[in-house]
Amino acid sequence: MGTSRMFRIFVVLGSAFMILLIIIYWDDVSVPHLYLHTPVSPGPKVAHPPPKPRPHTSRTPSFLSDIDAFVNQFLEPGTGEPTDTAPADTSNQSEKAEERYIPRREWKIHLSPVAAELRERQEQRRRLLQEVCANESMTFPGKNRSFDEIPNKELDHLIVDDRHGIIYCYVPKVACSNWKRIMIVLSESLLTDGVPQRDPLAVPRDLVHNTSMHFTFSKFWKRYAKLARHLMKVKLKKYTKFLFVRDPFVRLISAYRNKFEMPNEDFYRRFGQLMLRRYGNQPTPPASVDKAFSLGIHPSFSHFIQYLLDPQTEKAMPFNEHWRQVYRLCHPCQIQYDFVGHLETAEEDAEHLLRLLRVDNVVEFPTSGRNLTSSSWEADWFSTVPAETRRELYKLYEPDFRLFGYDRPDSLLNE
């Protein structure tokens, strides 16, 4: 009896000790994971001490194999539903930090649905992209290549916000400064005294276009190495992708006004002097933009168009992003965009998009009071450009006209 009683006492004490260990362990490691979240509206963060750094091991091959398997399961055919949790990376804290999600915010309550007209507008724009890309009679460089065949350097306009599951392809001269401001606010990449900036208009102008403020597809190689393309495909499949465009000829006028009609030292040295030498009968143009403007010398709009059509231009270097075609910046035949905004309907489209992204409680699209280039000015701007030259220019930008539903400017081309 004594032995049996002692055995029962040891069993009870051992059980109590195990329960105590379980409670301590559960309290230490499980609290931060006891909430549900989605990529759009994650659960609350719980303050807890940072984990102790793990010793570095040389198990890279097996880690990469595990991640490859994880990523490939998302690339296999299946449902298009968003994943419930962010991808986990247990060996690289910097990559894990990139996949952080914001605390839950209540979505704005709307008393009425999105107008049917706006929904139909987006459906038409997406359908047009698909039809033009599938039209074998419409050809342009790079149309039929796969996403994997796009060089990494051509993916530098795709900005990723992992916190909200958004990919934005920015097009210069199409309100991209304001959309970049919004992406900075959403990604919380700009901190003031440790607090994320919440007002897009408060983002300093010199930071808006600073590449360090934006995580683009072209940076994936440096961060993810051989996983880069896999992760791009995962994000393209799961995230909401959008871009904004405008009439291609009006965009060219806007680019010229901004870069050559006003003093811009960088663009004058890189492009202006070349235009003056080649097309402006200026064998030795002024050394600085200030000197040139003081003498009333700068490239004309006609010089700019000649530069775009000159075969020597792209033999030296690709078009600058401010006048590069949208199909070359954003690859609409390789990437299925969920939302296509037009600058001509910017306010309606921006409101619709922010609501679609469920971030209209976080940011508002800044209204612009600047002097925007109007399509009604086209006739005046092109008056010094010969009709045949206009038609050549249209051929150069025809894919953008057709992909994004802009009418052929017959009044300019048929003179």
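Table: residues versus (1) surrounded by 13 or more Cβ atoms within 10 Å (Cβ to Cβ); (2) more than 30 Å from Tyr397 (Cα to Cα); (3) at pLDDT below 50.
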position	(1), (2), (3)
Ala97	no, yes, yes
Ser112	no, yes, no
Leu118	yes, no, no
Arg121	yes, no, no
Asn135	no, no, no
Lys143	yes, no, no
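Quick grid of which residues meet (1) surrounded by 20 or more Cβ atoms within 10 Å (Cβ to Cβ); (2) assigned by TED's automatic domain parsing to the domain that holds Gln336; (3) in contact with an Asp or Glu (Cβ under 7 Å, 6 or more places away or on another chain); (4) not in a loop (DSSP other than H, G, I, E, B):
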residue: Arg198; (1), (2), (3), (4): no, yes, no, no
residue: Lys219; (1), (2), (3), (4): no, yes, no, yes
residue: Lys222; (1), (2), (3), (4): no, yes, no, yes
residue: Arg269; (1), (2), (3), (4): no, no, no, yes
residue: Arg277; (1), (2), (3), (4): no, no, no, yes
Exercise. Return yes or no: is Ser288 surrounded by 20 or more Cβ atoms within 10 Å (Cβ to Cβ) and out of contact with any His (no Cβ under 6 Å at 6 or more places or on another chain)?
Key: no
Exercise. Can you work out which of the residues in the range 310-358 that are touching a Phe, Trp or Tyr at 6+ places or on another chain (Cβ under 9 Å) and among the β-branched types (Val, Ile, Thr) is farthest from Glu117 (Cα to Cα)?
Key: Thr313
Quiz item: So which of Ser288, Ser294, Ser254 is within 30 Å of Ile166 (Cβ to Cβ), outside the structural domain of Pro332 (by TED's automatic domain parsing) and not aromatic (Phe, Trp, Tyr)?
Solution: Ser254
Quiz item: Between a first residue in the range 392-415 that is under 12 Å from Phe382 (Cβ atoms) and aliphatic (A, V, I, L, M) and a second residue that is modelled with pLDDT under 95 and part of a helix (DSSP H, G or I), which pairs have beta carbons less than 8 Å apart while being 6 or more apart in sequence or on different chains?
Solution: Leu412/Glu378; Leu412/Ala379
Quiz item: Can you spot a residue in the range 241-263 that is farther than 30 Å from Pro409 by Cα and part of a helix (DSSP H, G or I)?
Solution: no
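The values are calculated or read from the model by the stated rules, or taken from the named source; none is laboratory data. The model shown is predicted, which means the values in this text are computed figures rather than measured ones. Cβ: placed from backbone, ideal geometry, glycine included. Neighbour counts: every protein chain shown.
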